[in-house]
1. Anything in segment 46-60 that is modelled with pLDDT of 75 or more, outside any strand (DSSP E or B) and within 19 Å of Gln32 (Cβ to Cβ)? List them, or say none.
2. Keeping to segment 61-87, report how many residues are in a loop (DSSP other than H, G, I, E, B), of a type in the set (A, V, I, L, M, F, W, C) and touching a residue at least 24 places away in the same chain (Cβ under 8 Å).
3. Could you tell me whether any residue of segment 32-52 is within 20 Å of the chain's Cα centre (by Cα) and surrounded by 14 or more Cβ atoms within 10 Å (Cβ to Cβ)?
4. Name every residue in segment 1-41 that is more than 21 Å from Val99 (Cα to Cα) and in contact (Cβ under 8 Å) with a residue 60 or more places away in the chain, in order of residue number.
5. Among the residues of segment 88-106, which ones are at pLDDT below 90 and not in a helix (DSSP H, G or I)?
Amino acid sequence: MKTRGQIEQQLKQVIYRHLQKRLRANFKQTPQTCRHNQVLDLGGNGTLAGVGVCCFTEDGIPRGVVCDTRADDGARARDCIIWEEARSKADVKAEFQAVLDSGNPGIIAAQFPDVAALLWVLEEPGALTLEDPDPDPGQEEMEMPVGWDWGNWPWSKRAKA
């Protein structure tokens with residue numbers, strides 16, 4: 001069994017890896033991460049639902065070139081000399097931290113399942129309990145029906161022995 005300190009260290013490492021992954025994705029030269037790329041709705045369905053167009057303006061004239069991964073698999077963006085990141089490093093870090101600071105286990109688990117699992121392990125024992133702390137004294141405990149042997153079920157440790 002790992003100590004609380006080991007689990008906290010693992011949590012720090014996992015959080016750091018998720019942040020690095022987001023930062024690398026943000027600075028990867030793709031149409032979606034370029035500041036100048038805007039998706040234009042062409043009113044169609046499927047592939048024409050929205051096309052990325054470079055809206056870089058030089059001398060008041062927009063470039064107007066199609067820059068979309070569906071058109072050229074992102075080759076134009078990879079080779080572009082005017083590509084600029086859409087979000088700064090500080091913005092990416094702030095968004096990432098906002099998710100973690102939300103404290104909402106559902107949001108954290110949806111985006112970072114491994115972080116949510118480690119946070120769950122670090123919860124104080126007894127914080128979430130299934131037992132009623134003040135059971136009704138008149139309530140009788142349920143007895144197992146006669147003839148039921150839970151040890152013979154496939155998931156039971158006794159059944160495997």
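1. Residues satisfying the conditions are Gly50, Cys55, Phe56.
2. Number of matching residues: 5.
3. yes
4. Correct list: Arg4 only.
5. Correct list: Ser102, Gly103, Asn104.
The values are calculated or read from the model by the stated rules, or taken from the named source; none is laboratory data. What you see is a predicted model, and the numbers here were worked out from it, not measured in a lab. Backbone-built Cβ (ideal geometry, glycine too); neighbour counts: all protein chains shown.
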